[in-house]
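Notes follow once the structure below has been shown.
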Amino acid sequence: MRLVVGVLAAVLVAVAMAPASLIDRAGQALSHGHVRVGSAEGTIWHGRGVIEVADSATKSWTLWRQVQWSLDIPAIFSGWLAWRLSVEGAESSQLAFGPSRWRVTNLTMVGPARYLVQHFANPLAKLGWQGDLRLATPSLECSWQGICDGHLSAHWLNAGCDCLPEQVFGDYAIEAVANAGRVRFDLTTVAGAIRVTGSGGFSTEKPLSLDATVSGDPLVLSRLPAVASPWATPTEDPGIWNIHF
């Protein structure tokens, strides 16, 4: 009996002291190797670290944001193993795991656009996009097979591209809805010299698609064929182009 009690006590201590490095492994698994948590301190139940993102251009990890986490005990009684997350001291969000699904609620993140865009399976995603993306979701829930449902909004500020150096396109809003694994989004212009309006989508089976109209300075837009010739089509107006891929 003493042996059994001793073994159980040892297991409980091991679980209670599970190292924070396990958070790093979970982050890489959920993001398919695109995000990790470095410099992790504490335990998986309560700790802190630095969110790092994989930069495909430099083939290295880039520091992004400080993050803290703590176990959300009340969620356990609802059948979820959940953590409260605070990124750079922002309002707390929740990351929860169930037997067949995981979810994130009340999440807001801000960072360079290239960290997100460069991972899409489209040649346009590799053009070195500039500016900052502010992502927010009230709730996003996904199966372990990557089938997601929820809503995501994004604001792309000071958007630009390495292909047109020193040219700021503008600020754009993106509203996306995920349903049964298919993501549909609408793109509109908030402000800027280059105005873009369109819609598109992607899924685990299909690559990113976009149908959009781009309008602005004809001299700037005349350079589109040099960087997007397979997808950019001119109209009768030199200041208006169509984008399709």
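In summary, Gly111 fulfils each of the numbered conditions (1) in the same structural domain as Pro138 (by TED's automatic domain parsing); (2) buried (at least 18 other Cβ atoms within 10 Å of the Cβ) with the single exception of condition (2). Entry remark, segment 26-67: residues being modelled with pLDDT of 75 or more, among the acidic types (Asp, Glu) and over 13 Å from the mean Cα position of the chain (by Cα) number 1 in total.
Restricting attention to segment 196-211, report how many residues are without any contact (Cβ under 8 Å) to a residue 60 or more places away in the chain and either touching a helix residue (DSSP H, G or I) at 6+ places or on another chain (Cβ under 6 Å) or in a loop (DSSP other than H, G, I, E, B) (or both).
3
For Ile174, the conditions (1) modelled with pLDDT of 85 or more; (2) of a type outside the set (Asp, Glu); (3) more than 24 Å from Val110 (Cα to Cα) are fulfilled apart from (3). Checking each residue in segment 28-45 for being closer than 14 Å to Leu95 by Cβ and either of a type outside the set (A, V, I, L, M, F, W, C) or touching a Lys or Arg at 6+ places or on another chain (Cβ under 6 Å) (or both) picks out only Ser31. Taking strands (runs of 3 or more DSSP E) as the structural unit, no element lying wholly within segment 17-87 holds at least 3 residues that are more than 26 Å from Pro112 (Cβ to Cβ).
Against the test of being more than 21 Å from the chain's Cα centre (by Cα) and in contact (Cβ under 8 Å) with a residue 40 or more places away in the chain, the options Ala193, Ala226 yield a single qualifying residue, Ala226. Consider Val214 carefully, then state whether it is in the same structural domain as Arg114 (by TED's automatic domain parsing), under 23 Å from Ser31 (Cβ atoms), touching a residue at least 12 places away in the same chain (Cβ under 8 Å) and part of a strand (DSSP E or B). For Val214, the condition - in the same structural domain as Arg114 (by TED's automatic domain parsing), under 23 Å from Ser31 (Cβ atoms), touching a residue at least 12 places away in the same chain (Cβ under 8 Å) and part of a strand (DSSP E or B) - is not met. Here Ala136, Ala154, Ala178, Ala173 are screened, and the one residue that is closer than 22 Å to Gly239 by Cα and under 17 Å from the mean Cα position of the chain (by Cα) is Ala173.
Could you tell me whether Val177 is closer than 30 Å to Arg103 by Cβ and surrounded by 16 or more Cβ atoms within 10 Å (Cβ to Cβ)?
For Val177, the condition - closer than 30 Å to Arg103 by Cβ and surrounded by 16 or more Cβ atoms within 10 Å (Cβ to Cβ) - is not met.
The values are calculated or read from the model by the stated rules, or taken from the named source; none is laboratory data. What you see is a predicted model; the values in this text were computed from it and never measured. Ideal geometry is used to build each Cβ from the backbone, glycine not excepted, and the neighbour counts take in all protein chains shown.
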